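These notes concern the structure reproduced below.
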Amino acid sequence: MTQKFYTLPDLPYGANVLEPYISEAQLRLHHDKHHLAYVNGANAILERLDRARREGAEIDQKSTLKELSFHIGGHLLHSLFWANLRRPSDMGPAGALAHEIENEFGSFERFKKEFTAAALSVEGSGWAALAYCMQTRRPIIMQIEKHNVNVYPMFRLLLVLDVWEHAYYLDYRNDRARFVEAFWHIVDWEEANRRFESLIGK
């Protein structure tokens, strides 16, 4: 069997591009250290599973799969996060997603208020996300804890915000609210719209 593992994606921009909202030092720590730790953690578990299967050893499924989902969830969420950020701009939602947000929430400002509240109130270390349900054809705001808790199965993620302290501590200390406010200046709405339009076939 050819062994296949996860890899750390390159940032899609220079490490200083998000300044002043995310400093180069903060971004490098987050990407090069924290994201890499999830990649390495997932790969170590895959190696452990491969070895156990080759040797016919028992696997503690409960603890192993819980740990694996944590690391894989962290890797995939961070990969989405880097890609939905861009050089500072006050551009709002674009294309079909702009219409969908207006239709669901009544206005962009209402959506922003709800998303911000989700980001500020998620328990412990977690994420806020804008997701899309293919069954109801509605966008929905989701809180994700620990990379893998409170996830709605099969909902497609359009926009994610990491609010673990490691995402902002160098720049904002423990002031999550200031970081969330800064986030709105570096959202890549074109990328979020591309994700949405790929779902609805536009």
- With 107, 63 as the choices, which residue is surrounded by fewer than 17 Cβ atoms within 10 Å (Cβ to Cβ), not charged (D, E, K, R) and not assigned by TED's automatic domain parsing to the domain that holds residue 137? 63
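Grab the helices (runs of 4 or more DSSP H) fully contained in the stretch 1-96, keeping just those with 3 or more residues being among the aromatic types (Phe, Trp, Tyr) and modelled with pLDDT of 95 or more.
On the way: elements: 24-28, 36-55, 61-83.
Filter on the stretch 1-96 gives 61-83.
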- Item | Hits in the stretch 28-57 (condition: surrounded by 13 or more Cβ atoms within 10 Å (Cβ to Cβ) and either in the same structural domain as residue 185 (by TED's automatic domain parsing) or at positive phi (or both)) | none
- Item | the stretch 149-168, subset touching a residue at least 60 places away in the same chain (Cβ under 8 Å) and not in a loop (DSSP other than H, G, I, E, B), residue surrounded by the fewest Cβ atoms within 10 Å (Cβ to Cβ) | 166
- Query: Restricting attention to the stretch 82-101, does a residue exist that is surrounded by fewer than 17 Cβ atoms within 10 Å (Cβ to Cβ), under 18 Å from residue 145 (Cα atoms) and not assigned by TED's automatic domain parsing to the domain that holds residue 184?
  - Reply: no
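The values are calculated or read from the model by the stated rules, or taken from the named source; none is laboratory data. What you are looking at is a predicted structure, and each value in this text was computed from that prediction instead of being measured. Ideal geometry is used to build each Cβ from the backbone, glycine not excepted, and the neighbour counts take in all protein chains shown.
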